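First the structure, in the form of structure tokens, and then the observations on it.
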Amino acid sequence: QVQLVESGGGLVQPEGSLSLSCAASGSVFLINLMAWYRQVPGKQRELVATITRAGNTNYADSVKGRFTISRDNAKNTVYLQMNSLKPDDTAVYYCNTIIYARDYWGQGTQVTVSS
């Protein structure tokens, strides 16, 4: 069992920055890959970025060069630094990991980019 808790969402103006955090608890020694997803109403959840325990990262094309995923294994926390935010980045952002083929999700945090 793993629990994920996101924090850091909010309202930001276009071209602004925001940082999200996701703290993991429980059987954290089982966690390798961690990911951030986002979802807007009426659309499928979209993969934003992933990071392995070793620090290897991947990004969706829509966020490359603007978002940075990182993690602190000692704190069992993954971060998402979002810069140059656009209105299209508005969504609920979810933290995710997969253990033994089972998805674990946080409760989500709302990010709204608007002037």
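One line per residue, one yes/no per condition, for (1) open to solvent by 80 Å² or more (accessible area, probe 1.4 Å); (2) modelled with pLDDT of 95 or more:
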site	(1), (2)
4	no, yes
20	no, yes
24	no, yes
32	yes, no
45	yes, yes
62	no, yes
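Residue 85 passes every criterion in (1) open to solvent by 20 Å² or more (accessible area, probe 1.4 Å); (2) at pLDDT 95 or above apart from (1). Every residue in segment 93-115 that is free of Cβ contacts under 8 Å to residues at least 60 places away in the same chain and either open to solvent by less than 80 Å² (accessible area, probe 1.4 Å) or under 10 Å from the mean Cα position of the chain (by Cα) (or both), please. Hit for segment 93-115 is 103, nothing else. Looking at segment 84-115, which of its residues are in contact with a Leu (Cβ under 8 Å, 6 or more places away or on another chain) and assigned to a strand (DSSP E or B)? Passing the criteria: 93, 95, 96, 97, 98, 99, 104, 105, 109, 111, 112, 113. Filtering segment 87-106 for residues that are farther than 18 Å from residue 23 by Cα, among the small types (Gly, Ala, Ser) and touching an Asp or Glu at 6+ places or on another chain (Cβ under 7 Å) leaves an empty set. Among the residues of this structure, residue 78 counts as one that is within 14 Å of the chain's Cα centre (by Cα) and either open to solvent by 40 Å² or more (accessible area, probe 1.4 Å) or modelled with pLDDT of 95 or more (or both).
The values are calculated or read from the model by the stated rules, or taken from the named source; none is laboratory data. All figures in this text were calculated on a predicted structure; none of them were measured in a lab. Glycine also receives a Cβ, built like all others from the backbone with ideal geometry; neighbour counts cover every protein chain displayed. Areas reflect the complete protein model, heavy atoms only, side chains present, ligands, DNA and RNA absent. Shrake-Rupley method; radii C 1.70, N 1.55, O 1.52, S 1.80 Å.
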